[in-house]
1. Hey, residue 81 hits all of (1) within 23 Å of residue 5 (Cα to Cα); (2) out of contact with any strand residue (DSSP E or B) (no Cβ under 6 Å at 6 or more places or on another chain); (3) part of a helix (DSSP H, G or I) but one; which does it fall short on?
2. Restricting to the stretch 108-123, name every residue that is out of contact with any strand residue (DSSP E or B) (no Cβ under 6 Å at 6 or more places or on another chain) and in a helix (DSSP H, G or I).
3. Go through the stretch 139-155 and give me each residue that's touching a helix residue (DSSP H, G or I) at 6+ places or on another chain (Cβ under 7 Å) and over 20 Å from residue 74 (Cβ atoms).
4. Tally time: how many residues in the stretch 85-105 are part of a loop (DSSP other than H, G, I, E, B) and surrounded by 16 or more Cβ atoms within 10 Å (Cβ to Cβ)?
5. Output the residues belonging to the stretch 58-72 that are part of a loop (DSSP other than H, G, I, E, B) and farther than 14 Å from residue 119 by Cβ.
6. Does residue 48 satisfy the condition of being modelled with pLDDT of 95 or more, in contact with a strand residue (DSSP E or B) (Cβ under 9 Å, 6 or more places away or on another chain) and surrounded by 18 or more Cβ atoms within 10 Å (Cβ to Cβ)?
7. How about the stretch 124-165: which of its residues are closer than 22 Å to residue 12 by Cα, assigned to a loop (DSSP other than H, G, I, E, B) and touching a residue at least 12 places away in the same chain (Cβ under 8 Å)?
């Protein structure tokens, strides 16, 4: 796979697709879409999780950061690759685990041992989701070739530096 390291093919794994929505994708980060498509097609995941974010007027996002974002669908390039068993999570916060589905229960029911995280933004929702997945007891890896920031690569690199230090990417030492 295009030099994308997929850890531990022997484990039951879930792929979490974070905020791959129109409005977050732009000229700086769209390069990850072909990589994510390849991972979905060849990654042999037991479960796919599609997460979509929104921040409505009057929300904490609006009140504290003066920022809102309407609920938009996953980009059609990715949506076409998802199957009927894909779990769709709608969230109003950074972590996919705090969305409208009980992912821990779903993961445990599907005997998921390992979680791979891809999407937008490395320094925000991807980072938070990866940290929480680890804290919840899952082997966790952010696939570096499949994540970027909508604000620029310097944010991506800062987040990856921390995630590498914590051994939470596919490019760090694997247990």
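The values are calculated or read from the model by the stated rules, or taken from the named source; none is laboratory data. Because the structure is a prediction, the values reported are computed rather than measured. As a convention, Cβ positions derive from the backbone with ideal geometry for all residues, glycine included, and neighbour counts pool all protein chains shown.
1. The single condition residue 81 does not satisfy is (3).
2. 108, 109, 123
3. Matches in the stretch 139-155: 140, 144, 155.
4. First pass over the stretch 85-105, keeping only residues part of a loop (DSSP other than H, G, I, E, B): 85-86, 92-95, 99-102.
Within this subset, residues satisfying the condition of being surrounded by 16 or more Cβ atoms within 10 Å (Cβ to Cβ) are 86, 92, 94-95, 99, 101.
Total satisfying the criteria: 6.
5. To start, the set of residues in the stretch 58-72 that are part of a loop (DSSP other than H, G, I, E, B) comprises 58-59, 66-68, 70-72.
Answer for the stretch 58-72, where residues must be part of a loop (DSSP other than H, G, I, E, B) and farther than 14 Å from residue 119 by Cβ: 58, 59, 66, 67, 68, 70, 71.
6. Working: modelled with pLDDT of 95 or more: yes; in contact with a strand residue (DSSP E or B) (Cβ under 9 Å, 6 or more places away or on another chain): yes; surrounded by 18 or more Cβ atoms within 10 Å (Cβ to Cβ): yes.
Taking the combined requirement at face value, the residue satisfies it.
7. 136, 138
Here is a yes/no grid of residues against (1) free of Cβ contacts under 8 Å to residues at least 40 places away in the same chain; (2) part of a helix (DSSP H, G or I):
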{"residue": "7", "(1), (2)": "no, no"}
{"residue": "10", "(1), (2)": "yes, no"}
{"residue": "16", "(1), (2)": "no, no"}
{"residue": "27", "(1), (2)": "yes, no"}
{"residue": "34", "(1), (2)": "yes, yes"}
{"residue": "39", "(1), (2)": "no, yes"}
